[in-house]
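Colleague: Take a look at this one; I'll ask things after.
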Amino acid sequence: MKTIHRVGLHASKVQKDELRRAGAVLPKRYSRSDDEELVVFEIADADAASRNVLDLATGWGAFLDVRVEFSDDEVCAAAWLRIAAWHHGYPQPDDLNDGYLEATYDLSNACSACGSGRRQNAPFQMKGEPKWGRNDMMQLIWVYDAIFAKPEVWSSVFEPHGVASRPVLNRRRNELETVVQLVVEETQDIVGDGHAAQVCERCGRTKYLPVARGMFPRLRAEPRSAMVRTNEYFGSGAQSSQALLVSQAIAREIREQGIRGVTLIPVAQ
Ligand SMILES: [Zn+2]
């Protein structure tokens with residue numbers, strides 16, 4: 001597991017030179033002049049030298065963003081993995097509003113403050129066929145507990161492991177031909193100890209902050225199906241979604257079949 005910091009700061013020539021001497025690898029495009037400019041680079045949190053670079057940068061007011069990268073060995077060793085996919089487009093109807101909520105969910109048990117408790121009771125709507133590019137799976141912006149695949153990806157990767165699919169519609173409610181939603185019914189509890197959470201003031205549900213570092217929290221019990229969602233919600237503010245998890249058997253198909261546009265994060269054991 002490698003923690004990668006993305007660092008950005010307005011740096012003078014003197015500061016850039018100092019960062020380079022401390023071991024930062026700055027992209028070549030930055031100028032040699034004395035003028036300050038916005039410099040962005042990445043560095044792994046690996047040793048004393050990299051921590052020295054990070055100390056320098058934060059001392060000068062840099063912004064930092066952190067992500068974690070897992071090795072192939074770590075991904076192959078995990079019994080369960082959190083799955084996420086390429087984010088592409090907004091749920092319909094209404095591009096930047098909440099029209100999709102009424103169209104897609106039973107909201108009778110949902111909280112308007114934190115977004116938890118929605119129950120899908122209709123197909124998702126998209127603007128049209130996804131422009132897949134180099135991707136094979138996708139998620140809609142804002143809706144991180146639903147995941148979609150090309151129909152042939154569903155039938156070669158997911159269907160053999162008992163995962164059902166349901167159609168996706170366009171705004172005229174015609175079925176789309178190049179995308180299906182994966183149906184994930186079984187829910188499982190995580191062991192949330194030690195993970196930052198907040199209690200919603202309106203509904204009293206506990207919501208965990210997004211898991212940005214390290215492995216995903218371990219499961220309390222062994223799932224029966226090969227793809228499940230967590231009972232718990234993750235997110236911040238009005239954003240909240242259950243996490244989707246796949247077994248190693250599905251993760252192996254994704255690797256071996258070269259399915260693109262997918263992120264897998266090991267679940268702790
Ligand atoms: Zn709430």
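The values are calculated or read from the model by the stated rules, or taken from the named source; none is laboratory data. Source: prediction; values computed, not measured. Cβ atoms come from the backbone with ideal geometry, glycine included; neighbour counts cover every protein chain shown.
Colleague: Looking at the stretch 38-48 only, could you name the residues that are at pLDDT 90 or above and surrounded by 13 or more Cβ atoms within 10 Å (Cβ to Cβ)?
Modeller: Listed by number, the residues that qualify are V39, V40, F41, E42, I43.
Colleague: Tell me, which residue of the stretch 189-246 that is closer than 29 Å to S165 by Cα and acidic (D, E) is farthest from the ligand (Cβ to nearest atom)?
Modeller: Taking the candidates together, the pick is E222.
Colleague: Restricting to the stretch 117-130, name every residue that is within 16 Å of the ligand (Cβ to nearest atom) and buried (at least 20 other Cβ atoms within 10 Å of the Cβ).
Modeller: Residue satisfying the conditions is R118 alone.
Colleague: Out of all the residues in the stretch 36-52, which are farther than 15 Å from A62 by Cβ and touching a residue at least 12 places away in the same chain (Cβ under 8 Å)?
Modeller: Residues satisfying the conditions are A44, A46, A49.
Colleague: Return the residues of the stretch 133-156 that are touching a Lys or Arg at 6+ places or on another chain (Cβ under 7 Å) and hydrophobic (A, V, I, L, M, F, W, C); say none if nothing qualifies.
Modeller: none
Colleague: When you go through (1) in a loop (DSSP other than H, G, I, E, B); (2) under 19 Å from G237 (Cβ atoms) one by one for G194, which number turns out not to apply?
Modeller: Status for G194: all satisfied but (2).
Colleague: Oh, and also: V184 - would you say it is touching a Pro at 6+ places or on another chain (Cβ under 7 Å), at pLDDT 95 or above, buried (at least 21 other Cβ atoms within 10 Å of the Cβ) and assigned by TED's automatic domain parsing to the domain that holds K131?
Modeller: No; evaluated as a whole, the condition is false for this residue.
Colleague: Shifting gears a bit: Of all residues in the stretch 181-207, count the ones that are in contact with a Lys or Arg (Cβ under 6 Å, 6 or more places away or on another chain) and among the β-branched types (V, I, T).
Modeller: Adding up the residues that qualify gives 4.
Colleague: Would you say S165 is assigned to a loop (DSSP other than H, G, I, E, B) and among the polar types (S, T, N, Q)?
Modeller: Judged against the criteria, S165 is not a match.
Colleague: Taking G117 as meeting all but one of (1) touching a Phe, Trp or Tyr at 6+ places or on another chain (Cβ under 7 Å); (2) touching a residue at least 40 places away in the same chain (Cβ under 8 Å), write down the number of the exception.
Modeller: (1)
Colleague: Taking the stretch 85-111 as the search range and keeping residues that are within 21 Å of the chain's Cα centre (by Cα), within 21 Å of M137 (Cα to Cα) and not in a loop (DSSP other than H, G, I, E, B), which one is nearest to the ligand (Cβ to nearest atom)?
Modeller: Checked the stretch 85-111; the qualifying residue nearest to the ligand (Cβ to nearest atom) is Y100.
Colleague: If you scan the stretch 206-243, which residues turn out to be part of a strand (DSSP E or B) and of a type in the set (S, T, N, Q)?
Modeller: Hits for the stretch 206-243 are T206, T230, N231, S241, Q242.
Colleague: What are the residues in the stretch 209-262 that are among the aliphatic types (A, V, I, L, M), within 22 Å of W142 (Cα to Cα) and touching a Phe, Trp or Tyr at 6+ places or on another chain (Cβ under 9 Å), if any?
Modeller: Passing the criteria: L209, V211, M227, V228, A243, L244, L245, V246, V262.
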